[in-house]
Amino acid sequence: MLRSGYLPHVKAWSTVVSRLAASGDDGPVESVKLFDVVVKRVRKFSDPDIVSDSKPDTAAYNAVLNACANLGKPKKFLQLFDQMHEFGAKPDVLTYNVMIKLCARASRKHLLVFVLERILEMGITLCMTTFQSLVAAYVGFGDLEIAETIVQAMREGRRDVCKIIRELDLEDYSSENEGDDDDDDEVFEKLLPNSINPSSEPPLLPKTFAPNSRIYTTLMKGYMNEGRVSDTVRMLGAMRRQEDNASHPDHVTYTTVVSALVKAGSMDRARQVLAEMTRIGVPANRITYNILLKGYCQQLQIDKAKELLREMADDAKIEPDVVSYNILIDGFILIDDSAGALTFFNEMRARGIAPTKISYTTLMKAFALSSQPKLANKVFDEMLRDPRVKVDIVAWNMLVEGYCRMGLVEEAKRIIERMKENGFYPNVATYGSLANGISLARKPGEALLLWKEIKERCEVKKEGVNADSDLPPPLKPDEELLDALADICVRAAFFRKALEIVACMEEHGIPPNKTKYKKIYVEMHSRMFTSKHASQARQDRRRERKRAAEAFKFWLGLPNSYYGSEWRLDPMDGDEYITGDYR
């Protein structure tokens with residue numbers, strides 16, 4: 001419609017913006033792009049009456065602001081928020097509820113209370129969703145003390161909730177602010193000017209709000225996340241005893257309890273809760289059953305999972321969805337049954353259920369782990385042909401992993417080149433798989449090439465890179481990747497490179513495993529350079545390697561020619577060697 005020159009009604013295009021904002025992959029990014037395109041088109045008309053039905057309203061802005069919050073983009077959020085008045089759109093309570101989410105995504109816990117105060121200052125009518133958003137945000141931060149206090153204050157009918165939160169959150173304020181981004185600080189000061197010099201007396205709520213089942217359930221999820229199963233079950237009992245029907249447990253509450261029990265491995269108790277739901281007339285939904293399916297699969301009880309799938313369809317009349325099948329396919333992987341995984345993948349498609357990218361990558365994982373990389377490649381090719389699925393870095397990495405598990409380094413490298421051609425840069429997982437493949441194939445020379453590429457990516461991070469640059473994004477290597485490379489280099493007697501990798505580990509706060517490297521050195525290289533019959537020419541060629549070995553022994557704490565002094569390896573033949581004091 002837009003390409004044809006038509007401007008759809010705001011209710012039509014804002015619905016698309018809203019759906020994109022809440023979807024996965026690049027949905028939120030596309031949501032913001034679509035909003036900007038429509039607004040740009042609307043601004044081209046000098047007569048506002050012509051586009052009165054298409055110009056963005058408050059609901060449209062709330063949808064795109066939600067996308068910004070999901071992306072964790074405070075600056076774009078502020079830009080759009082300030083733009084609202086241009087089209088006569090006024091922020092409402094939902095706008096500020098979304099702002100609560102933004103504060104949570106941007107790790108601004110101390111600002112949550114000021115969003116609530118801003119709503120009160122602006123004279124906007126509060127709703128229960130605001131309190132639910134607040135409790136959910138504190139639960140997300142792991143601050144159950146404040147979440148519990150808010151719920152208790154609501155139960156007691158208190159109106160000084162803002163004051164209560166301020167007092168509890170004050171002690172965390174200074175430590176939380178230490179790492180904040182200065183630019184983002186300015187953004188939040190503009191969004192919440194009341195947070196700059198807050199009044200000594202926080203505003204009171206206009207009336208009391210009693211917690212409902214959703215708020216109790218949100219707090220219950222906090223208990224579940226911390227493994228407090230008894231508190232989760234106890235809250236269910238307390239909700240049952242509430243006089244207010246709005247506080248009674250619903251299917252979401254019961255599903256949360258089921259999830260907590262499954263997470264704790266108590267499958268029998270979880271099934272009892274499911275039976276209780278049926279008995280009291282609270283119908284379980286597909287999510288409830290999928291959680292139970294996942295529990296059985298995690299405990300390798302695949303037969304029980306298959307039986308539950310049958311009960312779900314036949315007894316509860318709930319048709320399994322793609323998530324149900326993805327869980328079962330993953331379960332077959334856990335018991336090393338790639339044939340079973342393929343059977344359920346085909347059954348899913350026979351039922352007319354379209355695979356998602358998780359379906360494809362999970363099946364690829366089954367073949368990769370069972371040493372069948374060619375079958376994984378076939379699944380990947382089918383994924384590429386599926387117009388409903390967008391291939392991501394996870395799928396590429398699974399393909400690389402399949403070949404690396406077989407030590408097929410050249411094939412894996414060709415896949416990585418295809419990745420780059422398709423706009424995907426290798427990440428830590430990609431390099432980790434390749435390093436393990438190199439180790440398995442016993443090709444230490446490949447490790448040097450890989451380390452060179454990783455080192456260049458790390459240097460990009462130090463130097464900084466523009467968004468428009470063709471350089472690959474910076475890389476932060478993890479312990480598993482660097483340890484694998486160091487292990488290869490030590491075994492291959494590439495001590496100079498091993499020291500470079502060790503220095504990189506220490507720079508990133510990763511403690512090198514000296515004990516392991518010392519054991520490898522003693523077992524494999526302790527008799528190096530001890531021959532008395534080598535020719536003078538050969539001894540000259542080995543001199544630099546010996547110096548590197550002595551430096552590595554110095555770092556390990558083994559007897560060496562550097563004992564008691566700093567070591568330094570000067571650059572030679574254009575190579576930049578590590579320097580440092582490793583006492």
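Read-outs: derived from the displayed coordinates by stated rules, not from any lab. Please read all numbers here as calculations on a predicted model, not as lab measurements. Using ideal geometry, Cβ is built from the backbone for each residue, glycine included, and neighbour counts are taken over all protein chains shown.
Going toward the positive end of the dipole of the chain, with +1 on Lys and Arg Cβ and -1 on Asp and Glu Cβ, which of H110, Q132, P474 do you reach last?
Farthest towards the positive end: P474.
Roughly what would the spin-label model give for N245 and E156, points 7 Å off Cα along C-beta, in nm?
Going by the 7 Å Cα→Cβ label model, 3.0 nm.
Could you run the Karplus curve 6.51 cos²θ - 1.76 cosθ + 1.60 with θ = phi - 60° over the stretch 389-396 and give me ³J(HN,Hα) per residue in whole Hz, x for Gly and Pro?
10, 9, 5, 10, 4, 4, 5, 4
Give the lysines whose C-alpha is closer than 23 Å to that of K11, dropping any in the same chain fewer than 8 places away, or say none.
Here the lysines satisfying the reach criterion relative to K11 are K33, K40, K44, K55, K76, K90.
Could you tell me how far the Cα centroid of the stretch 311-338 sits from the Cα centroid of the stretch 74-151, in Å?
The two parts, judged by their Cα centres, are 38 Å apart.
Can you sort C404, C489, C127 so the residue with the fewest Cβ neighbours within 10 Å comes first?
C127, C489, C404
Starting from the Cα gyration tensor of the stretch 348-445, multiply each eigenvalue by 5, take the square root, and state the resulting semi-axes largest first in whole Å.
25, 15, 9
With volume of the Cα convex hull per residue in Å³ as the read-out, I listed (i) 181; (ii) 368; (iii) 222; which label goes with the value calculated from this structure?
(iii)
Can you work out the Karplus-derived ³J(HN,Hα) for every residue in the stretch 117-130? Use 6.51 cos²θ - 1.76 cosθ + 1.60 with θ = phi - 60°, whole Hz, and x for glycine or proline.
Along the stretch 117-130, the couplings run 5, 5, 4, 5, 5, 7, x, 7, 5, 6, 9, 4, 4, 4 Hz.
Could you give me the ³J(HN,Hα) list for the stretch 238-252, computed from phi with Karplus coefficients 6.51, -1.76, 1.60 and θ = phi - 60°, whole Hz, x at Gly and Pro?
My calculation for the stretch 238-252 gives 5, 5, 4, 8, 5, 6, 6, 4, 5, 9, 5, x, 10, 5, 5 Hz in order.
Taking 37 °C and 0.692 mPa s as the conditions, I'd like the Stokes-Einstein D for the stretch 285-441 in µm²/s, using the Kirkwood hydrodynamic radius from alpha carbon pairs.
202
Per residue, how big is the convex hull of the stretch 179-247 when only Cα atoms are used? Give it in Å³.
168
With a cut-off of at most 13 other beta carbons within 10 Å, and DSSP calling the residue loop, which trypsin sites (Lys or Arg not before Pro) in the stretch 1-110 qualify? Please list them.
R3, K44
Against the 2.2 N^0.38 Å scaling, with N counting residues, where does the stretch 34-95 land? I'd like the Cα-based Rg ratio to two decimal places.
In units of the 2.2 N^0.38 Å rule of thumb, it is 1.11.
Using only C-alpha positions, report the orientation-averaged shadow area of the convex hull of the stretch 341-385, nm², one decimal.
The orientation-averaged projected area of the Cα hull of the stretch 341-385 comes to 2.9 nm².
Using helices alone, what [θ] at 222 nm do you get for the chain, with -39,500 (n - 2.57) per DSSP H run of 4 or more residues, divided over all residues and rounded to the nearest 500?
-20500 deg cm²/dmol
Which order do H508, H248, H110 fall in if you start with the one that has the fewest other Cβ atoms within 10 Å?
By the 10 Å Cβ count, ascending, the order reads H508, H248, H110.
Nearest 0.05, what FRET efficiency do H85 and L204 give at R0 = 41 Å with Cβ-Cβ as r?
With a Förster radius of 41 Å, E is 0.90.
Between T278 and K306, with labels modelled 7 Å along Cα→Cβ, what's the label distance in nm to one decimal, could you check?
Those two pseudo-labels are separated by 2.1 nm.
Could you work out the longest stretch of the chain that avoids the GluC sites (Glu not before Pro) located in DSSP loops with at most 16 other Cβ atoms within 10 Å?
244-565
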